[in-house]
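Engineer: Dropping the structure in here first, questions after.
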Amino acid sequence: MTDGPVLSLEGIDKAFGRAQVLKQVSCAFRPGEVHCLMGENGAGKSTLIRIISGAHRADSGRIVFDGVSQERYTPAWARTHGIATIYQELDLVPNLNAAENIFLGREPLGLLGRIDHAKRRQRTLEILASMQVSVDIRRPVHELGIAQQQMVAIAKALTVDCRLLILDEPTAVFTQTETEALFALVRRMRARGIAIVFISHHMDEIFAIGDRITVLRDGVVASTGPIGEYDHDKLVRHMVGRDIAVGQRRTVPADAEALLEVRDLCDGDLVRGVTFSVRRGEIVGMAGLIGSGRTETARLLFGAARASGGEIRLRGKLIAPKTPFEAVQLGIGMVPEDRKLDGLVLRRTVGENAAYTLVRKLSRFGVVPWRRVRREIAGTVTELSVRPNRTTALVARLSGGNQQKVVLGRWLAAGVDLLILDEPTRGVDIGARSEIYAVIRGLADAGLGILLISSDLPEVLSQSDRILVMTKGRVAGEIPGDAATEENVMALAFGQPGAAQRAAA
Amino acid sequence: MSQADVEPQAVRAAERNEKTSIRNLTVEQVSNLRLLALFVAVAAIGALLSHGVLLRPENLSNILQQNAVLFVVVLAQFLIVVSGGFDLSVGAVTALASVIFVGCIDYGLAVSIPAALLAGLAVGVVNGVLVTFVRLPSFVVTLGTMQIGYSVAKMWTGGGTIQTGFRGATLPQPLLRFYSVDWLHVPLPVWLAIGILALTALYLRSSIGHFLFAVGGNARAARLAGIPVSRVRLTAYAVASLIASVGGLLFALRVGYGDPQAGTWLALDSIAAVSIGGVSLTGGEGSILSGFLGVLIIAMLDNIMNLLGVSVNAQPIVKGVIVIATVYIYSRRRS
């Protein structure tokens, strides 16, 4: 073995359908080096690690392992050559204990092909000892804490001679002490000459553990180099530096009627004292990283989850919706984040899916004026130019953008005052996107208050009249639409010290 | 001419197109077409094998009359299957209703009919509450209420059948002729079943009935669309058991007594009928007519086998094969 990289990627391209996710990405991972991958949501990090682990095949480019280009690079090949990935969703069997999980499918066998329990136990203890961590190996892993489970997953990776270890946002749900324990382990593995790929959204972690940084932006390597060459500002600049088209925006007068006022809204660890307001006719963007508590806040407002504290006022009146049914009655609508799982009844038709709120609104004592419902829904479908323009088409057959128009259409006729949109254009092509933006603006002009949750920064920046940035369950700051830049929003989202003051200034 | 006048015309034109273009058929309509084809095929083959006896009016009338109870009960099963569950208690509700109907006959029909229906409704509410609010699987809940229902009916009669009420009154004679009278060549019990079908269709056009398809298709999405999911489910269970208890009244009218062993086959036969009818067993899809057609196909099969002299012991084999084969065909179509 030489001092050269364990693995290097050369000119990797990858597209899903028409979406080019990675463009000419090159990257080298050296032994004894912690290589941090950074980038916004959707910059291509996940795709890149899936290519390293063999789960995805690159469309073009080379994967070079120990100096030799590998043509047939599969998950099995990667695994047997010591390339291990610890995803956020750990692939452990919850009801098996640590030893059983670590040697799953590779159990040490004794006489007559029996599993040699004593040997398995012994080897598990050896591995854990070499990691200098202690895990109760008799208990099923689901009884262990999440950090301990992660140690088990890492131990599993170390059973083969591990050369490259990928950690995908390993600290996302960790406490401070758990994070420190993980870092100690990472440093020991680095000392053993293992190459480590570390993905995190927290900059302080990157600076604490990283040796080298690669920043991805829109599927290309925006910047790469030793950690010493970077500081917070430079990192943020590389992550977001791109042109964005600013849409039509307007400033709603501060004395406009406050439609929604939220104060100190809480729900466990996810939402920790959220305060903000939305005025009539205003589109309020809500930016932040995945897991910052935006979706959870939306679910509290819509009655899909129960708040543990705080208050919500709608049109000045204190409300506490216990179910979405109640929330709709109060005048709140929501377009959920996951269209297929939460938004649509896929085996029903376009018309039915668009009409649920209308049926509710127009029916008296259960009697539905079907003729009128059909007429209005046919109108809505035409107005939103849903394609195909047929209310009897199965909604499952529609493209993502058209499906989203159907969900949106549901709220057009519902007569709500506040509409919460959670990632309304995820997986939606450019054309449908601008149509959706026009509809949203139209609703705001009609006097609705809009809360636009989005991980797509250009979207938030171009569509919002005002932007709230959430971090770790709180509103970290608020920026007027025209003052917002990718830099100051991202700085707040990453919880960079002093960012709030600078943004406010 | 203003824009407002033009648009409804365009919409009406679009609606006309929907009705004429075969590509625009909805899921339910397509499966109805296939089902109709299956139905015609079974009828044709049966007519051939039985040298035309199958399709003689008096034979057809017989088939319908003998299966009137199943025609009613399949409607109940249909509602629960659409909601994404199974109702194993339909047979027990039928038995219980037949026993209570006869058992309370001394107080007159004005008391005994509502009493029988209320008993059914009560079982449905229990099913609904346990499924909706306690969140237990419908299969297990209705398995339990099925056993309880049969047991209560047996305790009422002491185990056997029941011909009279507390004070010895029997079902009034004119009612017992209900089964033997035809109107427009169709037996009255079948007309009753058709009436219940119409009421069920009406229920499915009400808002709470319409939402059943959404709840069965994707309960999470239904909830987030502001649909009162619990209320929709609970109502479906109550309505289903109410329908099943009408089946119990019909049963008692047919045989002239109440029977705690009535309808032990109904739960499974009704599930078989909705499967043959192409109703998705995972919920959210299916047409009410397809359940009816499913029963008709099963009934014709029974009849053909009887006409051909197939041993009673062997007949269920054919039925079993047919159920599995049709569900296989439907599953292929979906994937």
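Only the coordinates and a few stated rules stand behind these numbers; no lab work does. Keep in mind the model is a prediction, meaning the values are calculated, not measured. Heads up, the Cβs are rebuilt from the backbone with ideal geometry, glycines too, and the neighbour counts pull from every protein chain shown.
Engineer: Would you please put B:263-271, A:54-62, B:89-97, B:237-245 in order of how densely packed they are, using the mean number of other Cβ atoms within 10 angstrom per residue and starting with the highest? Numbers along the way, then the final one.
Structural biologist: Details: B:263-271: 22.6, A:54-62: 15.7, B:89-97: 33.0, B:237-245: 28.8.
Those peptides, ordered most packed to least, come out B:89-97, B:237-245, B:263-271, A:54-62.
Engineer: Moving on to the next point. Neighbouring Cβ atoms within 10 Å as the yardstick, rank A:Leu452, B:Leu35 fewest first.
Structural biologist: On the way: A:Leu452 28, B:Leu35 24.
Listed from fewest to most nearby Cβ atoms, that is B:Leu35, A:Leu452.
Engineer: Provide a whole-number value for the mean count of partner chain Cβ atoms within 10 Å of the Cβ atoms in peptide A:355-363. Intermediate results must be reported in sequence, preceding the final value.
Structural biologist: Numbers: counts 2, 10, 3, 0, 8, 8, 2, 1, 4.
Partner Cβ neighbours, averaged per residue: 4.
Engineer: Taking each pair of different alpha-carbon atoms in region B:129-197 once, compute 1/r for the pair, average those values, and report the inverse of that mean as the Kirkwood hydrodynamic radius in Å to one decimal. If you can, show how the numbers build up before the last one.
Structural biologist: Working: mean 1/r = 0.0632 Å⁻¹.
Computed over Cα pairs of region B:129-197, the Kirkwood hydrodynamic radius comes out at 15.8 Å.
Engineer: Would you please give the FRET efficiency between B:Gln261 and B:Leu33, computed as 1/(1 + (r/R0)^6) with r the Cβ-Cβ distance and R0 = 41 Å, to the nearest 0.05?
Structural biologist: Numbers: r = 39 Å, r/R0 = 0.95.
Given R0 = 41 Å and the Cβ-Cβ separation, E is 0.60.
Engineer: Just counting partner chain Cβ atoms within 10 Å, what average do the residues of peptide A:335-348 show around their Cβ? Walk me through the intermediate numbers first.
Structural biologist: Details: counts 1, 4, 0, 3, 1, 2, 4, 7, 5, 6, 15, 4, 12, 11.
Per residue, the number of nearby Cβ atoms from other chains is 5 on average.
Engineer: Would you please calculate the Kirkwood hydrodynamic radius of region A:7-240 over all C-alpha pairs and express it in Å, rounded to one decimal? Before the final figure, lay out each step's value.
Structural biologist: Values: mean 1/r = 0.0539 Å⁻¹.
This gives a value of 18.6 Å.
Engineer: For labels at B:Ala201 and A:Trp77 in the simple 7 Å Cα→Cβ model, what's the distance in nm?
Structural biologist: 6.2
Engineer: So between A:Gln24 and A:Arg123, what do we pick up on full extension, going 0.36 nm a residue minus the alpha carbon distance? Can you show the working numbers first?
Structural biologist: Details: separation 99, 0.36 × 99 = 35.64 nm, distance 4.22 nm.
Going from the current span to full extension adds 31.4 nm.
Engineer: Another question, then. Rounded to the nearest 5, what is the percent of antiparallel bridges among the DSSP beta bridges in chain A? Please report the intermediate quantities before stating the final value.
Structural biologist: Values: 45 of 80 bridges.
Bridges in chain A are about 55 percent antiparallel.
Engineer: If you don't mind, there's one more thing I want to ask. Using a cut-off of 13 Å between alpha-carbon atoms, which aspartates and glutamates can reach A:Lys23, once sequence neighbours fewer than 8 places away in the same chain are excluded?
Structural biologist: Of all the aspartates and glutamates, those that pass the test against A:Lys23 - Cα under 13 Å, at least 8 places apart if same chain - are A:Glu10, A:Asp13, A:Asp59, A:Asp218.
Engineer: Quick one: angle between helix B:188-205 and the longest Cα principal axis of chain B, in degrees between 0 and 90, rounded to 10, please.
Structural biologist: 40
Engineer: Note down, for region A:121-204, the three equivalent ellipsoid semi-axes (square root of 5 times each alpha carbon gyration tensor eigenvalue), biggest first, whole angstrom.
Structural biologist: Result for region A:121-204: semi-axes of 20, 17, 10 Å.
Engineer: Please give the average number of partner chain Cβ atoms lying within 10 Å of the Cβ of each residue in B:214-222, rounded to a whole number.
Structural biologist: Across B:214-222, the average partner-chain Cβ count within 10 Å equals 6.
Engineer: Determine, from the Cβ-Cβ distance of A:Arg62 and A:Ala191 and an R0 of 41 Å, the FRET efficiency 1/(1 + (r/R0)^6), rounded to the nearest 0.05.
Structural biologist: Details: r = 30 Å, r/R0 = 0.72.
Plugging the Cβ-Cβ distance into 1/(1 + (r/R0)^6) gives 0.85.
Engineer: Under 18 Å Cα to Cα from B:Lys154, which aspartates and glutamates show up? Leave out anything in the same chain fewer than 8 places away.
Structural biologist: Output for B:Lys154: B:Asp259.
Engineer: Related question: Skipping prolines and chain starts, which residues have an amide H placed within reach, meaning under 5 Å, of the one on A:Val197, given they are 5 or more residues away or on another chain?
Structural biologist: Hits under the 5 Å cutoff: A:His35, A:Leu165, A:Ile166, A:Leu167.
Engineer: Work out, in µm²/s and without decimals, the Stokes-Einstein translational diffusion coefficient of region B:94-245 at 10 °C, 1.306 mPa s, Rh from Kirkwood over C-alpha pairs. Intermediate results must be reported in sequence, preceding the final value.
Structural biologist: Values: Rh = 17.4 Å.
The calculation lands on 91 µm²/s.
Engineer: Now a separate question. Plugging the Kirkwood radius over Cα pairs into Stokes-Einstein for the protein assembly as shown, at a temperature of 37 °C and a viscosity of 0.692 mPa s, what D comes out in µm²/s?
Structural biologist: On the way: Rh = 31.3 Å.
Using the Kirkwood radius from Cα pairs, D works out to 105 µm²/s.
Engineer: Among all helices in chain A defined by DSSP H, which have a length of 24 Å or more along the axis from Cα atoms plus a Kyte-Doolittle mean of at least 1.6? Walk me through the numbers on the way to the answer.
Structural biologist: Values: long enough: none.
What comes out of the filter, once short or polar helices are dropped, is none.
Engineer: Scaled to the compact-protein estimate 2.2 N^0.38 Å, what is the alpha-carbon radius of gyration of region B:27-334, rounded to two decimal places?
Structural biologist: Against the empirical 2.2 N^0.38 Å value, I get 0.99 for region B:27-334.
Engineer: Using 31 Å as the Cα-Cα cut-off, could you pick out the over-long pairs in A:Lys156/A:Lys340; A:Lys340/A:Lys361; A:Lys340/B:Lys319?
Structural biologist: Working: A:Lys156/A:Lys340 34 Å; A:Lys340/A:Lys361 24 Å; A:Lys340/B:Lys319 37 Å.
Check vs 31 Å cut-off fails for A:Lys156/A:Lys340; A:Lys340/B:Lys319.
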